[in-house]
Amino acid sequence: MIEVEDVTKSYGATTAVDHVSFTVNRGEILGFLGPNGAGKTTTMRILTGYMPATSGTARVSGFDVFKDSLQVRRHIGYLPEAPPVYPDMSVESYLEFVLRIKNVPAEKHSARVDDALAKTNLGDKRHELIKRLSRGYKQRVGLAQALVHDPDVIILDEPTVGLDPKQIIEVRNLIKALAGSHTIILSTHILPEVSMTCDRVVIINKGKIAAVDTPQNLTSQLRGGQRIRVETKAPEKQLQDLLSHVPGAARVEVGAGGADGHVAATVDSAQGQDVRSQVAAKIVEKGWPLYELRGLSLSLEDIFLQLTTDDAAHAQPSN
Amino acid sequence: MRSIYAIYRKEMGHYFVSPIAYVVVGLFLILCGFFFNLYLGDAMRAAMEAQMQGAQFGMASNFDVPGEVIRAFLGVLALFLLFFMPMVTMGIFSDERRRGTMELLMTSPITETQIVLGKFFASFTLFLVMLLPTASYILFMWVKSEPMPPLRVVGAGYLGLLLFGGALLALGSFLSSLTENPIIAAVLTFGAFLLLWALDFGSSGAASTVESVVHYLSVINHYQGFTQGVIDTSALVYYVSFMVLFIFLTVRSVDSMRWRRA
């Protein structure tokens, strides 16, 4: 549905997008994840035909975004970072204007407007002037604008920015409901959003793609070896000594854990080694109480940090 | 064509739903009414004096009151346009850029030419709405004055105004496409209008080739003929090519937004 091949965009000396390639299949939700200024918006603008790439090609529904720009724009709904709304228009007349410039025949207008308003829960704001709406409602009007003409491809640049938690959940559900019949690309720097809504994730940093995979694969693939957390009550030095001698343990870190003078340790093991039984046996052997022993999984947050910070070693596991 | 109309309709809504149209048109008409009244009074006084002098020396007066009033009125209308057009054009593109709605237009299946033309026609319509009520003054003279107002001057004068105003609108919308800030657009536009106007001063002697070229470029110079009831082909060509040039440049400028860093 969407094919991006070796796309580069530079502004003078700076390169915003650097040889990026990826594809999106029909009906899929692709998440675009990266820190601010990573090149997410630029990539989306190239896909929507807003700006041309410096080199490389991108195709949407088989049409080249540069050569057949008008054809591509017919198939796309796009929500830019700031909702592109006219403050002096009512929600309804704004959506009708959008339908007119998207070349949707007039007889379909009222049905399409009703549908978009229903999907974005804007029914009661239909006749309200857009300038009187709150930030979250404006964002929803922007979202309605992106899907009012029922496009094949919907591109959303940070769709949940400015929404309250309840609205965020509504928008995520809406996006999930749209998948299947629509192909969706959304960008975000909020990690849970990606793991909750997307089928696949493209992690982009400094204009380059750092990883492309499903959220699940990314999590397990990057974990590599295993990391476990032990909580016990023992002298720190002795515990460190003991755990370091467990076969398979690569790195041990001991620190204060919880209340009552508990001591916690995290143990990284080499790939394919499960050290949990060994660790438990050793501690019990010493007669120390074992309060907790569990495997830690790296969250998308850690993966993101690993991939996007220069020193991957600084990535810390979350509990 | 449908896309041009979609843009046109949106722009008309923008002018007439927001206070822009009412403020611009209203103020313009108040000033027009004031100056028309002033010129009418002046011309009638002058005619009276001429008649008295004529009676003294036993000659018939041939002071043409309606002709004088219309010529003076057409002149001041053009001057008002110099001040009012920048207010009409300042937001045409800069507002869209500032609000980010340009991104919507430019990712929709419409061409830059359609966007620019739709907006130009809408601003021209607003200009017609400004101008139309001034026809009532002419109508008033038509009914009340003796002799009748010179039709040729009225017709040519209004044609000249339309061309002059259209040229200013084209230039103004081009300058509006260069910046995100409507105030900067307005100042640029006003400065450019004034400069094109002032080209006429100091070059009226037209001694050298350069001076005559500069004189030709002056946007007001070609208008003078129309207020005398003369439709000069070179003036027609000047205004039409001026409009086409700046509409073309606006299309290029809008297109170039794609290549600039937003």
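Between the alpha-carbon centres of the stretch B:111-139 and the stretch B:3-55 there is a gap of 15 Å.
In terms of packing, defined here as the mean over residues of other Cβ atoms within 10 angstrom, the peptides B:120-127, A:141-148 line up highest first as A:141-148, B:120-127. Cβ crowding within 10 Å, taken as a proxy for footprinting-reagent exposure, orders A:125, A:102 from fewest neighbours to most as A:125, A:102.
Averaged over the residues of peptide B:7-14, the number of Cβ atoms from other protein chains lying within 10 Å of each residue's Cβ is 3. As a proxy for reagent exposure, B:222, A:189 were ordered by neighbouring Cβ count within 10 angstrom, fewest first; the result is A:189, B:222. Of all lysines in the structure, those lying under 21 Å Cα to Cα from residue A:286, and not within fewer than 8 positions of it along the same chain, are A:233, A:237. Put simply, when A:164-175, B:107-118 are sorted by average Cβ atoms within 10 angstrom per residue, most first, you get B:107-118, A:164-175. Each peptide among A:103-113, B:74-84 gets the average number of other Cβ atoms lying within 10 Å of its residues, and from highest to lowest they stand as B:74-84, A:103-113.
Taking other residues whose beta carbon is less than 13 angstrom from the beta carbon of residue B:246, and scoring Lys, Arg as +1 and Asp, Glu as -1, yields +2. Averaging Cα coordinates gives a centre for the stretch A:85-163 and one for the stretch B:62-80; these two points are 51 Å apart. The trypsin sites (Lys or Arg not before Pro) of the stretch B:172-262 that meet both conditions, a loop assignment by DSSP and at most 12 other Cβ atoms within 10 Å of the site Cβ, are B:260, B:261. Peptide B:104-116 has a mean shielding of 6, counted as Cβ atoms of other protein chains within 10 Å of each residue's Cβ. Across chain B, Cα pairs under 8 Å and at least six residues apart give a relative contact order of 25 percent. Here the sum of -39500 (n - 2.57) over DSSP H runs of 4 or more residues, divided by the residues of the protein assembly as shown, equals -17500 deg cm²/dmol at 222 nm, to the nearest 500.
Structure note, pairs A:40/A:119; A:206/B:10; A:119/A:206; A:166/B:10: Cα-Cα distances above 28 angstrom occur for A:206/B:10; A:119/A:206; A:166/B:10.
Using C-alpha pairs below 8 Å separated by at least 6 residues, the relative contact order for chain A is 18 percent. Inter-chain Cβ neighbour count for A:73-85, averaged per residue, equals 4 (cutoff 10 Å, partner chain atoms only).
Taken together, the values in this text are just the output of simple stated rules run on the coordinates, not laboratory data. Keep in mind that this is a model prediction, so the values were computed, not measured. Ideal geometry is used to build each Cβ from the backbone, glycine not excepted, and the neighbour counts take in all protein chains shown.
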